[in-house]
Amino acid sequence: MEVLFSSMLATFIIGLSFGAGACMFTCIPTLGVMLLAQDIDAKETSLQTLRFNIGRMSAYALLAAVSGLLGASLVGFLDLNYANLIFAAMLLFSAILLWRKGKVVGCSSMGQKKRFRAGLLGMGFAMGLRPCAPLAGVMAASALTGSASYGLLLGLSFGAGAIVIPQLVFGYGLGSAGKELRSQLRDKQQQLARIGASVLAIVGVGVGGGWISL
């Protein structure tokens, strides 16, 4: 148990370091664009960021758990092209929703809200299916345990560390800092939404075609 706790602490610290660096910058053209393009308050900004991060954390936990179950890292079995296509599809799906509605809070359709929430969760999950070097290390460690449950715990601890900084920066920082910006641009909300949707679509096509790597 002591060894497991130490391993979980180590993977949490690795995730924290990863989340404060490359991971956070990767979220700017995806999650950051979606948040700024909507007329939402700080609370909704935080909730949307959390849904995205829960999707990422779920993917990390799944990959680590399956690696533990198989006793072998999934890195060698994963086809990054398929993962990129799934990620690109989720980006395009979110772009369509953002283009059609512009803002989530004012939506009259509960079904539209649920689709947007699912899009955020799916986008985060799809992003997490594309193993980075730190996650590959966690998957290798999970494989050595030979246990799906231990692998799951390592994946969750890595994911918990990886989402802390992005949640603070995008969920709380952007929610507070973006409030004044949104109030000044409220009359241009439709244009902002469509610009944001266009950026997501361009990134999605680029990722799917292999021209953009996030």
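The values are calculated or read from the model by the stated rules, or taken from the named source; none is laboratory data. Every value quoted in this text rests on a predicted model; they were computed, and no experiment measured them. Methodologically, a virtual Cβ is constructed for each residue, glycine included, from the backbone with ideal geometry; neighbour enumeration extends over all protein chains shown.
I'd like to know if the stretch 25-48 contains one or more residues that are among the basic types (Lys, Arg) and under 13 Å from the mean Cα position of the chain (by Cα). No, the conditions are met nowhere in the stretch 25-48.
The rows are residues; the columns are (1) charged (D, E, K, R); (2) surrounded by fewer than 16 Cβ atoms within 10 Å (Cβ to Cβ).
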position: Glu2; (1), (2): yes, yes
position: Ser7; (1), (2): no, no
position: Ala20; (1), (2): no, no
position: Cys23; (1), (2): no, no
position: Ile28; (1), (2): no, yes
position: Leu36; (1), (2): no, no
position: Asp41; (1), (2): yes, yes
position: Ser46; (1), (2): no, no
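For the stretch 120-137, taking the residues that are assigned to a loop (DSSP other than H, G, I, E, B) and not basic (Lys, Arg), the one that is nearest to the chain's Cα centre (by Cα) is identified as Leu129.
Among Leu16, Leu74, which is more than 20 Å from Pro166 (Cα to Cα) and of a type in the set (A, V, I, L, M)?
Checking each option against the conditions leaves just Leu74.
Okay, residues lined up against (1) of a type in the set (Lys, Arg); (2) at pLDDT 75 or above; (3) closer than 17 Å to Ala133 by Cα:
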residue: Thr49; (1), (2), (3): no, yes, no
residue: Ala61; (1), (2), (3): no, yes, yes
residue: Ser67; (1), (2), (3): no, yes, yes
residue: Ser73; (1), (2), (3): no, yes, yes
residue: Leu80; (1), (2), (3): no, no, yes
residue: Leu91; (1), (2), (3): no, yes, no
residue: Ile96; (1), (2), (3): no, yes, no
residue: Ser109; (1), (2), (3): no, no, no
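Between Leu174, Leu181, Leu185, which is at pLDDT below 85, surrounded by 17 or more Cβ atoms within 10 Å (Cβ to Cβ) and touching a helix residue (DSSP H, G or I) at 6+ places or on another chain (Cβ under 9 Å)? Please lay out each step first, then the result.
Numbers: Leu181 fails: surrounded by 17 or more Cβ atoms within 10 Å (Cβ to Cβ); Leu185 fails: surrounded by 17 or more Cβ atoms within 10 Å (Cβ to Cβ).
Criteria check complete, one pass: Leu174.
Of Thr26, Thr30, which residue is part of a helix (DSSP H, G or I), of a type in the set (Ser, Thr, Tyr), touching a residue at least 40 places away in the same chain (Cβ under 8 Å) and touching a Phe, Trp or Tyr at 6+ places or on another chain (Cβ under 9 Å)? It would help to see each step written out before you state the result.
Working: Thr26 fails: touching a Phe, Trp or Tyr at 6+ places or on another chain (Cβ under 9 Å).
Result of the check over Thr26, Thr30: Thr30.
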